[in-house]
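Here is the structure we will look at.
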Amino acid sequence: MQTRKALMISVAAVAMSMSVTSAQAASAYVSLFGGGSFLEKPGLAGSSQTHTTTTLFFQSTQSVDTSFKTGFVVGGNWGVDWGTFRTELELAYRTNKSSSRAHLRQHYEVDLYSFGYLYYSTNVDAIVPSSLTLSAFSLMANVWYDFHDLGLPGDITPYVGGGIGGALVKLDGSLNSINLNQKNEMVFAWQIGAGVSAPISDDMKLFLDYRYFAADGAHLKLSPGFNGGDVSGDFDSHTVLVGLRLSL
């Protein structure tokens, strides 16, 4: 619910800014960008799954510790340049693949009270094969502040800003030679960044920027073969982008 409200507020804020007709200096633009995604170690920590009845006690806890390789980000946006500020609505996709090994910890326990007492417990604490993909598809409402008239060569314009929105975080691939069913969850997302832009024609600019993007707390199930367990994953990435901005 919180994520849905954040998305509604983000879209409404940008839509309202784009509907203003009184700004003579305002001009619409579109842009496309791509670059590298450097994912911080997500620490796929497991939450305890517990089920208790008068005849049964079940518990499963797991965690996955692995590093992720450099990935990529692609996206685009539609915005309005108000002169000093720019507001925009952005769609982006980020993805990173894991290393070939992961440290898997799992505890699985069942107590069954029926015609006597039956108890079963198993533990896994081992380095296992890993081929995971962690990705995030995001919708963001951004605001950027442009530092014009600094007298930099080539009409280079620095800018800073950020945005809020939502991200659909996904986990798929294989773990311990078990193919996972793709699972995902929508979570709140935010980003901050800074960059520079420079004109390459009358209606086109080239830009380069750095952004820190965070979409935390996604509950990602490990299934099948992991006793109904799930992990809590954070998609926190450092991204370096290059793109083109075209005035409309």
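The values are calculated or read from the model by the stated rules, or taken from the named source; none is laboratory data. Please read these numbers as outputs of a predicted model, since none were measured by experiment. Don't worry about glycine lacking a Cβ; one is built from the backbone with ideal geometry, like all the others, and counts go over all protein chains shown.
Among residues that are at pLDDT 95 or above, over 20 Å from the mean Cα position of the chain (by Cα) and not aromatic (Phe, Trp, Tyr), Pro158 is included.
Conditions (1) in contact (Cβ under 8 Å) with a residue 40 or more places away in the chain; (2) within 18 Å of Gly35 (Cα to Cα), marked per residue:
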site: Phe68; (1), (2): yes, yes
site: Phe72; (1), (2): no, yes
site: Trp82; (1), (2): yes, no
site: Thr95; (1), (2): yes, yes
site: Leu104; (1), (2): yes, no
site: Glu109; (1), (2): yes, no
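Considering the stretch 209-235 alone, what residues qualify as being modelled with pLDDT of 95 or more and touching a Leu at 6+ places or on another chain (Cβ under 7 Å)? Asp209, Arg211, listed by residue number. Of the strands (runs of 3 or more DSSP E) lying entirely inside the stretch 146-248, the ones with 1 or more residues being in contact with a helix residue (DSSP H, G or I) (Cβ under 6 Å, 6 or more places away or on another chain) and surrounded by 14 or more Cβ atoms within 10 Å (Cβ to Cβ) are found at 157-175, 178-201. Put simply, of Leu118, Leu168 the only residue that is in contact (Cβ under 8 Å) with a residue 24 or more places away in the chain and farther than 22 Å from Met204 by Cβ is Leu168.
In the stretch 98-112, the qualifying residues are those that are among the small types (Gly, Ala, Ser) and assigned to a strand (DSSP E or B), and the one that is farthest from the chain's Cα centre (by Cα) is Ala102. Taking the stretch 89-143 as the range and being at pLDDT below 90, in contact with a strand residue (DSSP E or B) (Cβ under 7 Å, 6 or more places away or on another chain) and small (Gly, Ala, Ser) as the test, only Ser121 passes. Of the residues Asp234, Asp230, the single one that is closer than 19 Å to Ala45 by Cβ, out of contact with any Pro (no Cβ under 7 Å at 6 or more places or on another chain) and in contact (Cβ under 8 Å) with a residue 60 or more places away in the chain is Asp230. Total residues in the stretch 28-56 satisfying the condition of being modelled with pLDDT under 90, part of a strand (DSSP E or B), farther than 24 Å from Ala215 by Cβ and in contact with a Leu (Cβ under 8 Å, 6 or more places away or on another chain): the figure is 1.
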